[in-house]
Amino acid sequence: MEFIPVNEPLLNGNEKKYLCECIDTGWISSEGPFVKEFEQKMSESVGRKYGIAVSNGTAALEVAVQALEIGAGDEVIMPAFTIISCAMAVTKRGGIPVLVDSDPVTWNMDVKEIEGKITDKTKAIMVVHIYGLPVDMDPVVALARKYNLKIIEDAAEMHGQTYKGKPCGNFGDVSTFSFYPNKHVTTGEGGMVVTNDEDLAERCRMIRNLCFQRDVRYVHEEISDNYRFTNLQAAVGLAQLERLDEFVERKREMGRFYTEQLQEVKGIRLPLSSTEYANNIYWVYGIVLEDAIRVDNRMCQKMFTEEGIGTRTFFWCIHEQPVYQKVGLFEEECHPKAEYLARRGFYIPSGLALTKKQMVTVVEKVRKVIKQIAN
Ligand SMILES: *Cc1c(COP(=O)(O)O)cnc(C)c1O
């Protein structure tokens, strides 16, 4: 039986050609012409002035938090339902993530909850666009203005997506991307910070590189890490970026096909195809098990594995992470809608290399497995 992986990237454009150029010219470290070109093209594609490429999407968040000088005791409002990277970037610097529950329909943070969480310690709102639909940004931007807060926008899953016609990655004081192989643009590992603020961009460049200073090298006023991004990664990224429109179209087609084929299946909730401000880009195609189904997403995932279908469960909530509970963070906190998604949601194969034939098989297996557990 052929196993259909949950994600397989598509690398059949100019990736090999540009990589060979790196090898032939000897530019393989973080020095090299492709890095600058990739930073420029990527930031331009989301309408930002500066792009600072870093080693991965988690690093991009860490650099963003440090660049904004978020530190001990500072509060950052973010969704409870997101990847650990978001919280980690804040807690690593002694800051405190303040969590907001999810909107059960879009799976994004419920922006109506944000204002009630703002205190005099709040420094920033970290918005994370989840799985395919952007966060409703207008109210977030209004709150940030009203209370003088920074916005960190995690757009890791949103390459090519827009909010009311404006590119995701355009909304943060600092916005971040990941180029992990399951993202729409991959460089193997990689990430980027984008901004319009020249001083912030300069700070990000310094933080990326051990906080070396411009003028007096080897003398440090601050410490960070080595978050550098290589010319080899940039070579792959440039080739990927050339095909972004095609990739986005492919993702949307996948989403349309799955929805069309699965909408009659009882007991599951499918992703919303659009809101008033965006059409779903289906970074992943998520499915949420309704109450009528008695097994949880982990059990469900096992059944799919036995059927030869790769799936992933949804994120586990930040407030339920054992590592934070052990140190007494988020005690007694409850975000029921996020917890529901974490226990009931999973996503099915939707990588760019997925074929129509494989999708037909996935649909067949989803129908079969859900039928088995629906009664
Ligand atoms: C993938 C992802 C990240 C982390 O990116 P890495 O490159 O894996 O470190 C951060 N935030 C979101 C929302 C992501 O989807």
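The values are calculated or read from the model by the stated rules, or taken from the named source; none is laboratory data. It should be emphasised that the depicted structure is a prediction, and the values quoted were computed from it without experimental measurement. So basically every Cβ, Gly included, is an ideal-geometry build from the backbone, and we count neighbours across all protein chains shown. Heads up: the accessible areas ignore ligands, DNA and RNA and are worked out on the full protein's heavy atoms, side chains in. Shrake-Rupley method; radii C 1.70, N 1.55, O 1.52, S 1.80 Å.
For the reader, a short list of remarks on this structure follows.
- Extension gain, Q40-E264: 0.36 nm per intervening residue step, less the Cα-Cα distance, totals 76.1 nm.
- Over the stretch 51-104, relative contact order from alpha-carbon pairs under 8 Å, at least 6 apart, %: 38
- Calculated on alpha-carbon atoms, Rg and Dmax of the chain in Å: 20.7, 70
- Debye log10 I(q)/I(0) for the stretch 135-178, one point scatterer per Cα, at q = 0.18, 0.32 Å⁻¹: -0.49, -1.20
- Only helical runs count toward this figure. For the chain, summing -39,500 (n - 2.57) over DSSP H runs of n ≥ 4 and dividing by all residues gives -11000 deg cm²/dmol at 222 nm.
- Taking amide H as placed 1.01 Å from N in the peptide plane, R312 has its amide H under 5 Å from the amide H of Y347, each at least 5 places away in sequence or on another chain.
- Cα centroid of the stretch 50-73 to Cα centroid of the stretch 304-364, whole Å: 26
- Spin-label proximity, E221 to the stretch 42-64 - amide N less than 19 Å from point 7 Å beyond Cα toward beta carbon: 63-64
- Computed over protein heavy atoms with a 1.4 Å probe, the accessible surface of the chain works out to 45 Å² per residue.
- Working ranking of peptides 274-280, 228-234 by packing, defined as the average number of other Cβ atoms within 10 Å per residue, highest first, is 228-234, 274-280.
- Pairwise FRET efficiency - C211 versus K337, Cβ, R0 = 56 Å, nearest 0.05: 0.90
- Of the peptides 76-83, 147-154, 364-371, the ranking by mean beta-carbon count within 10 Å, highest at the top, reads 76-83, 147-154, 364-371.
- Dipole magnitude of the stretch 15-241, debye to nearest 20 (Cβ charges: Lys/Arg +1, Asp/Glu -1, about Cα centre): 220
- What separates the Cα centres of the stretch 1-38 and the stretch 218-257 is a distance of 10 Å.
- Highest-first arrangement of 244-255, 64-75, 15-26, where packing means the average Cβ count within 10 Å: 64-75, 244-255, 15-26
- Taking every C-alpha pair closer than 8 Å and separated by at least 6 residues, the mean separation divided by the residue count of the chain gives a relative contact order of 23 percent.
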